[in-house]
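Data block below; observations after.
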């Protein structure tokens, strides 16, 4: 089993086995990362990985997990973006005791009273 040398932001350089490292690759963007649990401080460490690094780690025996972007990112999002004022109005609306009654009664969106 190969040894992988990586860097923990707390402990510095650490040595791991290939079983202790995992490579993640996004199938939509082909961007990769690798992650491990630091053997010294037990911190979960995630690092970006260029394609060359991904290929080297996988060739050494590190497990690769492929993942997809959420489909919601491809959906159209019509209308204006939510503003800080919208968020603040929503917050105050939720603090009232009658917000749920207002929505159930068909009073429109929260904060529109």
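Every number in this text was worked out from the coordinates using simple rules, so none of it is lab data. On a predicted model such as this, the values are computed, not experimentally measured, just so you know. We place every Cβ from the backbone using ideal geometry, glycine too, and count neighbours over all the protein chains shown.
Note down the relative contact order for the chain as a percent, whole number, built from C-alpha pairs under 8 angstrom at least six residues apart. Value for the chain: 20 percent.
Just checking the listed ones, 96, 40, 74: in the Gaussian network model of the chain with Cα springs under 10 Å, the one fluctuating most is 96. Highest GNM mean-square fluctuation among 79, 32, 12, for the chain modelled with Cα contacts below 10 Å: 79.
Extension gain for residue 27 to residue 44 (0.36 nm times residue separation, less C-alpha to C-alpha distance): 3.8 nm. DSSP bridge analysis restricted to the chain gives an antiparallel fraction near 75%, rounded to the nearest 5. Across every pair of non-identical alpha carbons in the chain, the mean reciprocal distance, once inverted, gives a Kirkwood radius of 18.2 Å. Mind giving me the FRET efficiency for residue 1 and residue 55? R0 is 25 Å, r the Cβ-Cβ distance, nearest 0.05 is fine. The formula returns an efficiency of 0.85 here.
Who wins for biggest fluctuation among 50, 93, 15 in a Gaussian network model of the chain, springs between alpha carbons below 10 Å? The residue that fluctuates most here is 93. Rounded if a/c is under 1.5, else prolate if a/b beats b/c, else oblate: with a ≥ b ≥ c from the C-alpha gyration tensor eigenvalues square-rooted, which is segment 3-69? Prolate, since a/c reaches 1.5 and a/b exceeds b/c. Assuming R0 = 25 Å, what is the FRET efficiency of residue 104 and residue 71, from their Cβ-Cβ distance, to the nearest 0.05? Efficiency computed from Cβ-Cβ geometry: 0.25.
Mean residue ellipticity at 222 nm, helices only, the chain: -6500 deg cm²/dmol; runs of at least 4 DSSP H residues each add -39,500 (n - 2.57), and the sum is divided by the number of residues. Dividing the mean sequence gap of close Cα pairs (under 8 Å, 6+ apart) by how many residues segment 3-69 holds gives a relative contact order of 34 percent.
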